[in-house]
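The values are calculated or read from the model by the stated rules, or taken from the named source; none is laboratory data. What you are looking at is a predicted structure, and each value in this text was computed from that prediction instead of being measured. Methodologically, a virtual Cβ is constructed for each residue, glycine included, from the backbone with ideal geometry; neighbour enumeration extends over all protein chains shown. Note: areas computed on protein heavy atoms with side chains; ligands, DNA, RNA excluded. Shrake-Rupley method; radii C 1.70, N 1.55, O 1.52, S 1.80 Å.
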Amino acid sequence: KAFLAADGSAAAAASIGGEPAGGRMAVALSLAKLCFKAGDKREALVMLESVIASFVGSDKGDGSGKSECCAEDGEEAYHLAGWVSVHADDHSGAYEVWLRGAAACGAACAPLQRQAAKRVCWDTPLREDA
(Lines give C-alpha, C1' and ligand atoms only; values in the text may rest on other atoms or scores of the structure.)
Protein backbone atom coordinates (compact mmCIF):
# COMPACT_ATOMS: atom_id res chain seq x y z
CA LYS A 1 0.00 0.00 0.00
CA ALA A 2 1.11 3.51 -0.72
CA PHE A 3 1.27 5.74 2.33
CA LEU A 4 1.52 8.97 0.35
CA ALA A 5 -1.09 10.58 -1.81
CA ALA A 6 -0.47 10.96 -5.52
CA ASP A 7 0.59 14.56 -4.94
CA GLY A 8 3.30 13.34 -2.55
CA SER A 9 1.59 14.49 0.63
CA ALA A 10 1.20 12.25 3.65
CA ALA A 11 -2.39 13.38 4.23
CA ALA A 12 -3.77 10.16 2.74
CA ALA A 13 -2.41 8.10 5.62
CA ALA A 14 -5.51 8.58 7.73
CA SER A 15 -7.65 7.04 5.01
CA ILE A 16 -5.66 3.90 4.22
CA GLY A 17 -8.17 1.17 3.53
CA GLY A 18 -8.12 -2.28 5.07
CA GLU A 19 -6.31 -1.32 8.28
CA PRO A 20 -7.91 -1.12 11.71
CA ALA A 21 -8.73 2.50 12.57
CA GLY A 22 -6.20 2.54 15.42
CA GLY A 23 -3.57 1.27 13.00
CA ARG A 24 -4.31 4.14 10.62
CA MET A 25 -3.83 6.63 13.44
CA ALA A 26 -0.52 5.03 14.44
CA VAL A 27 0.63 5.31 10.81
CA ALA A 28 -0.56 8.94 10.65
CA LEU A 29 1.33 9.72 13.87
CA SER A 30 4.47 8.04 12.54
CA LEU A 31 4.25 10.01 9.30
CA ALA A 32 3.77 13.22 11.28
CA LYS A 33 6.98 12.49 13.18
CA LEU A 34 8.85 11.85 9.93
CA CYS A 35 7.50 15.06 8.39
CA PHE A 36 8.50 17.02 11.51
CA LYS A 37 12.02 15.58 11.45
CA ALA A 38 12.28 16.39 7.75
CA GLY A 39 11.33 20.00 8.48
CA ASP A 40 7.89 19.84 6.87
CA LYS A 41 6.01 21.27 9.83
CA ARG A 42 2.89 22.12 7.83
CA GLU A 43 2.43 18.52 6.68
CA ALA A 44 3.25 17.25 10.18
CA LEU A 45 0.54 19.48 11.61
CA VAL A 46 -2.02 18.22 9.07
CA MET A 47 -1.29 14.65 10.15
CA LEU A 48 -1.35 15.52 13.85
CA GLU A 49 -4.67 17.33 13.49
CA SER A 50 -6.06 14.19 11.87
CA VAL A 51 -4.93 12.06 14.81
CA ILE A 52 -6.25 14.61 17.32
CA ALA A 53 -9.62 14.79 15.55
CA SER A 54 -9.83 11.00 15.62
CA PHE A 55 -8.91 10.95 19.31
CA VAL A 56 -11.41 13.65 20.27
CA GLY A 57 -14.12 11.87 18.27
CA SER A 58 -13.35 8.47 19.80
CA ASP A 59 -14.15 6.84 23.11
CA LYS A 60 -10.50 7.43 24.15
CA GLY A 61 -9.84 3.73 24.63
CA ASP A 62 -12.51 2.97 27.23
CA GLY A 63 -13.06 -0.51 25.82
CA SER A 64 -16.43 0.11 24.20
CA GLY A 65 -15.05 -0.94 20.84
CA LYS A 66 -15.60 2.48 19.22
CA SER A 67 -12.09 3.84 19.64
CA GLU A 68 -10.43 5.16 16.50
CA CYS A 69 -7.35 6.38 18.30
CA CYS A 70 -5.76 5.01 21.46
CA ALA A 71 -5.07 7.34 24.37
CA GLU A 72 -1.30 7.06 23.95
CA ASP A 73 -1.45 8.18 20.31
CA GLY A 74 -3.83 11.03 21.18
CA GLU A 75 -1.54 12.26 23.95
CA GLU A 76 1.50 12.03 21.70
CA ALA A 77 -0.27 13.90 18.89
CA TYR A 78 -1.16 16.80 21.19
CA HIS A 79 2.36 16.87 22.60
CA LEU A 80 4.05 16.90 19.18
CA ALA A 81 1.55 19.43 17.77
CA GLY A 82 2.62 21.79 20.53
CA TRP A 83 6.26 21.34 19.58
CA VAL A 84 5.45 21.99 15.94
CA SER A 85 4.03 25.35 17.09
CA VAL A 86 7.12 26.07 19.19
CA HIS A 87 9.36 25.41 16.19
CA ALA A 88 7.18 27.79 14.18
CA ASP A 89 7.86 30.47 16.84
CA ASP A 90 4.28 30.33 18.14
CA HIS A 91 4.83 29.60 21.82
CA SER A 92 1.39 30.86 22.85
CA GLY A 93 -0.18 28.57 20.25
CA ALA A 94 1.85 25.66 21.58
CA TYR A 95 0.62 26.19 25.10
CA GLU A 96 -2.95 26.48 23.81
CA VAL A 97 -2.57 23.08 22.07
CA TRP A 98 -1.12 21.58 25.25
CA LEU A 99 -3.94 23.09 27.33
CA ARG A 100 -6.56 21.52 25.02
CA GLY A 101 -4.63 18.25 25.11
CA ALA A 102 -4.54 18.23 28.90
CA ALA A 103 -8.30 18.75 29.00
CA ALA A 104 -8.90 16.00 26.43
CA CYS A 105 -6.47 13.47 27.92
CA GLY A 106 -7.04 14.06 31.61
CA ALA A 107 -4.70 13.71 34.55
CA ALA A 108 -3.10 10.51 33.24
CA CYS A 109 -0.86 12.44 30.83
CA ALA A 110 1.72 14.16 33.03
CA PRO A 111 3.60 16.00 30.22
CA LEU A 112 0.43 17.67 28.93
CA GLN A 113 -0.70 18.50 32.47
CA ARG A 114 2.69 20.08 33.19
CA GLN A 115 2.56 22.20 30.02
CA ALA A 116 -1.05 23.21 30.75
CA ALA A 117 -0.03 24.34 34.24
CA LYS A 118 2.61 26.58 32.66
CA ARG A 119 -0.06 28.16 30.44
CA VAL A 120 -2.31 28.78 33.43
CA CYS A 121 0.64 30.42 35.19
CA TRP A 122 1.19 32.71 32.20
CA ASP A 123 -2.48 33.69 32.18
CA THR A 124 -2.54 34.60 35.88
CA PRO A 125 -1.99 38.33 36.39
CA LEU A 126 0.69 39.40 38.83
CA ARG A 127 -0.52 40.76 42.13
CA GLU A 128 0.58 44.24 43.10
CA ASP A 129 2.02 42.96 46.39
CA ALA A 130 4.06 40.19 44.71
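The table that follows gives values for the structure above.
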{"read-out": "HN-Hα J in Hz across segment 108-124 - Karplus 6.51, -1.76, 1.60, θ = phi - 60°, x for Gly and Pro", "value": "5, 9, 4, x, 5, 5, 5, 5, 5, 5, 5, 5, 4, 4, 4, 7, 8"}
{"read-out": "Distance in nm between pseudo-label sites at T124 and S30 (7 Å out along the Cβ direction from Cα)", "value": "4.2 nm"}
{"read-out": "Solvent-accessible heavy-atom area per residue, rounded to whole Å², over segment 76-130 at 1.4 Å", "value": "61 Å²"}
{"read-out": "Listed peptides 32-39, 86-93 by packing density, highest first (mean Cβ within 10 Å)", "value": "32-39, 86-93"}
{"read-out": "For segment 81-86, Karplus couplings with θ = phi - 60° (6.51, -1.76, 1.60), whole Hz, Gly/Pro x", "value": "4, x, 5, 4, 5, 4"}
{"read-out": "Per-residue ³J(HN,Hα) for segment 24-34, Karplus 6.51 cos²θ - 1.76 cosθ + 1.60, θ = phi - 60°, Hz, x for Gly and Pro", "value": "4, 5, 5, 5, 4, 5, 4, 5, 4, 4, 5"}
